[in-house]
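*Asks:* Dumping the structure here so I can ask a few things about it.
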């Protein structure tokens, strides 16, 4: 398959030779990832040894509030999966696999030694292939739902946050010793799952400049590796890259491609729409359902709901069990059932036969939830950062809550930033998400049906459900 032609893209490397030079350097993006690893170690230490008060601990403030907001509101919409390219979680596993920090282990064709050889690069560890049956988002869906179930605990207990972050580092490192390259990031990381989904909405995309150049290339260095770089750690063929979902922006293909055929393209937001399987559809259901549920728990008027979710402080496991069961039922049954049911109804109203399956209709309709879900998460995050932003300065000066004052800001009092703006900002964001979602769903649905009349009938129930979901979010945010 060749890369799709999109005339509305701007090749940023053509307009900025300095950026093209930077992406080819072996030390980039490691120069960003290594300091982030040091920060992660600091935050985990703060969670384990620092103050147990959440709003005074740097792990809670910097990871669950500041990082989350920057990730969802800035990096994902405008830089795709760039976080994956600098993420500190898999670094230790990478170094153990490669036995290098910066350099490349390249095979010597003259010796004939194939020990640890994958393509033209040498690795340590067992280097097993990830099971084909698990090469999807299902494990990531389950992992994210598990973390989401304990979200209030993670936001209030630094110890729980340290165990979660530290556990991810341990899991990524252990996976790297057994399986090839970035198998953890691609198939296990709970953060990677929603980054995969929402990278479709980003204004940035890595693609080959010319499919013909990739087809004529015999070396396939982007896949097999070379002396200049590693074969794609994300287990994809960059020369056939058509979707942003699996590209972790590690930039190795820019270093290995001898023909300079890889580009970073600026494109309109929400341009990428197609979902390819039920695992991706369920990720969209899951993320939207959790955005609604979180908004009710954290920003709704029901204090008892947040109390039920906060098992770490309340220690009412029976009540928490009921809360978890309700959350799982809502995310795994109610929301998917409503949207798949809407697709079934639309298919029936369109009066089509077997040429449009329920699966294809549901995947087309569910593409509506990618923009809506992303904007709903940004809207949810806005009041959190506006209300708690002043804690960032305090935690920076006293990261462990031990009475330090490194930058003279440890004693700044809590001062929410324009909190009265939050409902208005949330409403605008959700309405943008609705408009972009309706457009995406309509364009994907229109491809399925033979006539506009059938497409309108087929998409109408899903469009109505998207509108109802938007109204629910507006009621939670601005009601």
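The values are calculated or read from the model by the stated rules, or taken from the named source; none is laboratory data. For clarity, every value in this text was computed on a predicted model and none was experimentally measured. With ideal geometry, Cβ positions are generated from the backbone for all residues, glycine too; neighbour counts draw on all protein chains shown.
*Asks:* Return yes or no: is residue 93 more than 30 Å from residue 291 (Cα to Cα), outside the structural domain of residue 414 (by TED's automatic domain parsing) and either assigned to a loop (DSSP other than H, G, I, E, B) or in contact with a helix residue (DSSP H, G or I) (Cβ under 6 Å, 6 or more places away or on another chain) (or both)?
*Replies:* When the stated conditions are applied, residue 93 passes them.
Per-residue answers, yes or no, for (1) under 30 Å from residue 422 (Cα atoms); (2) assigned by TED's automatic domain parsing to the domain that holds residue 366:
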site: 245; (1), (2): no, no
site: 250; (1), (2): no, no
site: 255; (1), (2): no, no
site: 259; (1), (2): no, no
site: 262; (1), (2): no, no
site: 271; (1), (2): yes, no
site: 276; (1), (2): no, no
site: 288; (1), (2): yes, yes
site: 299; (1), (2): yes, yes
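*Asks:* Quick check on this structure: which one of 288, 305 is under 25 Å from residue 470 (Cα atoms) and either over 19 Å from the mean Cα position of the chain (by Cα) or part of a loop (DSSP other than H, G, I, E, B) (or both)?
*Replies:* The match here is 305.
*Asks:* Which residues, counting only those in region 410-429, are closer than 15 Å to residue 478 by Cβ and either free of Cβ contacts under 8 Å to residues at least 24 places away in the same chain or not assigned by TED's automatic domain parsing to the domain that holds residue 376 (or both)?
*Replies:* Residues satisfying the conditions are 420, 428.
*Asks:* Looking at (1) modelled with pLDDT under 95; (2) surrounded by fewer than 18 Cβ atoms within 10 Å (Cβ to Cβ); (3) in the same structural domain as residue 161 (by TED's automatic domain parsing); (4) touching a helix residue (DSSP H, G or I) at 6+ places or on another chain (Cβ under 6 Å), which is the only condition residue 53 fails?
*Replies:* (4)
*Asks:* Still on this structure: Suppose the filter is surrounded by 14 or more Cβ atoms within 10 Å (Cβ to Cβ), touching a helix residue (DSSP H, G or I) at 6+ places or on another chain (Cβ under 9 Å) and either within 14 Å of residue 151 (Cβ to Cβ) or not assigned by TED's automatic domain parsing to the domain that holds residue 152 (or both); does residue 322 pass it?
*Replies:* no
*Asks:* Something else about it: Does region 224-240 include one or more residues that are crowded, with 19+ Cβ neighbours inside 10 Å and farther than 22 Å from residue 127 by Cβ?
*Replies:* yes
*Asks:* Against the condition surrounded by 17 or more Cβ atoms within 10 Å (Cβ to Cβ), in contact (Cβ under 8 Å) with a residue 12 or more places away in the chain and in contact with a strand residue (DSSP E or B) (Cβ under 6 Å, 6 or more places away or on another chain), how does residue 162 come out, does it pass?
*Replies:* When the stated conditions are applied, residue 162 does not pass them.
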